[in-house]
Amino acid sequence: MATSATTLTSLSFFSSSLFLSSPSPKLSTSLSFSFKPSSNPSLSISSQLSNLPILSFTGEKIGETYLDLKSAPPETARAVVHRAIITDLQNKRRGTASTLTRGKVRGGGKKPYPQKKTGRARRGSARTPLRPGGGVIFGPKPRDWSVKINKKEKRLAISTALSSAAENTIVVEDFGDKFEKPKTKEFIEALKRWGLDPKQKSMFLMMEVPETVNKSSRNIGTLRMLTPRTLNLFDILNCDNLVLTPDIVDYLNGRYGEDYEGDTEDDNEEYEEEDEQSGQDENVDAAQ
């Protein structure tokens, strides 16, 4: 399935509903930017998102936390996020579309009718591109649509999108053991206790998704349950609410913060598995 990367214009950095939604009274956050001196201070800035509420399973506020992420400057943030989302969409294209030219179409070896004395236009083959069933002129052929992006640039785009989602972000205590058995009704009730509308798009980011939680939420079409290995820019931009766990907050501060030391073998495996997961999701969508 070939999907054009330029058709999803609604997922731009400023037009996404995630960045334009007004802050809820229950989910009020404050965004502050602090510039850290460096040899090239214009490349990125550190944004500390304070007062992210930590909610219990019953919906009560039990504390506060913050995200300290590296973000792109305002004048380049849109370009960085746009480049990253275009790269992801381009790399999802299979490039397997193939059409037959007139030389590849079966048949057409016999002249349809005599050259003269029929009163019709002369025809040498029934598989000409001018007739139904014939070849295709300049049709698509298999090609590689993938484009490359620097790992640091992609990481900066994800951290910038996460920083911009602060107004719609809450932190919920680990609730993996709260569901004894899969129950969609109980999960919807939990969403309402956390101040989330089940009809709105919500993205849950957890270190691991327990089986009971996965089965309880998979019938809710507006929810996405992700882990660090499946975190992607598209789902961040496409959601209305972002739900984190305390363990994920520590992970994001270490993975996308100013103190991140560099790429490791685990990071390379993370990007490879993310690409494989995107391909699997595309195969599922194509099968449906």
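The values are calculated or read from the model by the stated rules, or taken from the named source; none is laboratory data. No experiment lies behind these values; they were computed from the predicted model shown. Note: ideal-geometry Cβ built from the backbone for every residue, glycine included; neighbour counts use all protein chains shown.
From the list I170, I137, I188, which one is of a type in the set (V, I, T) and under 30 Å from G108 (Cβ atoms)? Don't jump to the end; show me each part of the working.
Numbers: I170 fails: under 30 Å from G108 (Cβ atoms); I188 fails: under 30 Å from G108 (Cβ atoms).
From the options I170, I137, I188, the qualifying one is I137.
What about N91, is it touching a residue at least 24 places away in the same chain (Cβ under 8 Å), over 18 Å from Y251 (Cβ atoms) and surrounded by fewer than 20 Cβ atoms within 10 Å (Cβ to Cβ)? Give the derivation first.
On the way: touching a residue at least 24 places away in the same chain (Cβ under 8 Å): yes; over 18 Å from Y251 (Cβ atoms): yes; surrounded by fewer than 20 Cβ atoms within 10 Å (Cβ to Cβ): yes.
Here the answer is yes, as N91 does meet what is asked.
What number of residues within segment 202-221 are assigned to a helix (DSSP H, G or I) and either in contact with a helix residue (DSSP H, G or I) (Cβ under 9 Å, 6 or more places away or on another chain) or of a type in the set (F, W, Y) (or both)?
Quick first cut of segment 202-221, residues assigned to a helix (DSSP H, G or I) only: 211-217.
The next check asks that each one be either in contact with a helix residue (DSSP H, G or I) (Cβ under 9 Å, 6 or more places away or on another chain) or of a type in the set (F, W, Y) (or both); those that pass are 213, 215-217.
Number satisfying all stated conditions: 4.
Looking at (1) surrounded by fewer than 16 Cβ atoms within 10 Å (Cβ to Cβ); (2) without any contact (Cβ under 8 Å) to a residue 40 or more places away in the chain; (3) touching a strand residue (DSSP E or B) at 6+ places or on another chain (Cβ under 9 Å), which is the one condition that is false for L223?
Failing condition for L223: (1).
Matching residues to (1) over 21 Å from N168 (Cβ atoms); (2) over 13 Å from the mean Cα position of the chain (by Cα):
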site: P210; (1), (2): yes, yes
site: G221; (1), (2): no, yes
site: R224; (1), (2): no, no
site: T230; (1), (2): no, no
site: L233; (1), (2): no, no
site: D247; (1), (2): no, yes
site: Y251; (1), (2): no, yes
site: D259; (1), (2): yes, yes
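Among K199, K181, K185, which is the only one that is assigned by TED's automatic domain parsing to the domain that holds T87, part of a helix (DSSP H, G or I) and surrounded by fewer than 16 Cβ atoms within 10 Å (Cβ to Cβ)?
Going through K199, K181, K185 in turn, just one is assigned by TED's automatic domain parsing to the domain that holds T87, part of a helix (DSSP H, G or I) and surrounded by fewer than 16 Cβ atoms within 10 Å (Cβ to Cβ): K185.
Note down all Cβ pairs under 6 Å where the first residue falls in segment 99-126 and is surrounded by 10 or more Cβ atoms within 10 Å (Cβ to Cβ), the second is among the hydroxyl-bearing types (S, T, Y) and assigned to a loop (DSSP other than H, G, I, E, B), and they're at least six residues apart or on different chains.
Pairs found: G108/S125.
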